[in-house]
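Let me begin by presenting the structure, written as structure tokens, before commenting on it.
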Amino acid sequence: MNEAPGLADDRLAAELRGFGPLGILAILIIFAGNLLVVSLGGLLVLLWARRSDTPWREIGYVQPKSWSRTIAIGIAFGIAFKLLMKAIVMPLFGAEPTNQAYHYLEGNSAALPGILYAVTLGGGFSEETVYRGYAFERLGKLFGSAAWAKPLIVLLTTAVFAALHYREQGLAGVQQATITGLVFGTIFAVTGRIWMLIVAHAAFDVTAVAFIYLGLENDMAHLVFK
């Protein structure tokens with residue numbers, strides 16, 4: 001006897017939300033997609049949320065009370081955070097003043113469209129959607145609402161997020177991603193809202209690109225510690 005379409009859809013949604021074979025396969029595909037194609041991971045999360053009947057708010061997609069205020073705060077926070085990291089935090093870690101992995105961007109106008117697409121949609125949208133929105137939802141279902149759950153989720157998501165920066169940016173990339181992951185993760189754990197973080201992450205990365213493109217990296221790295 002064939003199963004009614006509605007019941008089949010409900011069962012598929014439940015399996016996608018669960019941690020059986022289909023749920024685990026969805027997790028693997030989403031994280032693999034985020035590594036292989038710019039912005040694909042974030043798009044797959046949105047597709048997963050829609051098909052699994054997961055409320056948008058559970059992955060942080062809550063409509064802001066004021067879009068203009070959220071965007072303004074995100075831009076200001078992202079720029080200020082990058083300045084803090086470049087001028088104070090990373091020098092304290094003993095990081096090199098220039099990011100060799102992206103040094104090719106200096107004065108390279110032809111490379112700007114590609115890198116700006118990568119840091120806004122790949123970094124801002126996709127990384128926040130995957131490592132904050134989706135990962136927090138999945139781990140939250142596993143760990144429950146105990147007091148230790150959210151701090152542990154922040155640490156686990158930060159560890160994965162940071163480790164993935166090693167191949168391209170080395171130890172300095174891991175150090176920076178650890179700090180940003182802890183900060184962004186803590187904000188998401190407290191607020192449960194992702195839009196400001198998407199904008200802030202994009203602004204953070206665009207500011208980094210601007211420093212490199214304009215040849216200001218070395219100056220900014222020695223702004224405080226000469």
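The values are calculated or read from the model by the stated rules, or taken from the named source; none is laboratory data. Since we're looking at a predicted model, the values are computed, not measured. Reconstructed Cβ throughout: ideal geometry from the backbone, glycine too, with neighbour counts over all protein chains shown. Quick note on the areas: whole protein, heavy atoms, side chains included, nothing else; ligands and nucleic acids left out. Shrake-Rupley method; radii C 1.70, N 1.55, O 1.52, S 1.80 Å.
A few comments on the model shown:
- Most mobile listed residue (THR180, THR129, THR70) in the chain, GNM with C-alpha springs under 10 Å: THR70
- Total formal charge among the other residues, if their Cβ is under 13 angstrom from that of TYR213, Lys/Arg +1 and Asp/Glu -1: -3
- GNM top mover of LEU44, LEU92, LEU83 - the chain, alpha-carbon springs below 10 Å: LEU92
- Environment charge at ALA49 (Cβ cut-off 9 Å; Lys +1, Arg +1, Asp -1, Glu -1): -1
- Summing Lys and Arg as +1 and Asp and Glu as -1 over all other residues whose Cβ lies under 12 Å from the Cβ of HIS103 gives a net charge of -3.
- Counting only protein heavy atoms and a probe of 1.4 Å, the accessible surface of the chain is 67% carbon and sulfur.
- Dipole of the stretch 16-87, positive end: most advanced residue of VAL38, SER52, SER68 [Cβ charges, Cα centre]: SER68
- Under the span-like rule (Cα at least 20 Å along the axis, Kyte-Doolittle mean at least 1.0), DSSP H helices of the chain: 21-36, 67-84, 149-163, 195-213
- Most mobile of TRP148, TRP195, TRP48 in a GNM of the chain (Cα contacts under 10 Å): TRP148
- Reach of LYS65 by Cα under 30 Å, taken over lysines that are not fewer than 8 positions away in the same chain: LYS82, LYS141, LYS150
- Which label in [x] 26, 21, 16; [y] 32, 22, 15; [z] 35, 18, 16 gives the computed semi-axes √(5λ) of the Cα gyration tensor in Å: [z]
- Ranking ALA159, ALA147, ALA118 by Cα position along the charge dipole of the stretch 115-171, where only Lys, Arg, Asp and Glu carry charges on their C-beta atoms, puts ALA147 farthest toward the positive end.
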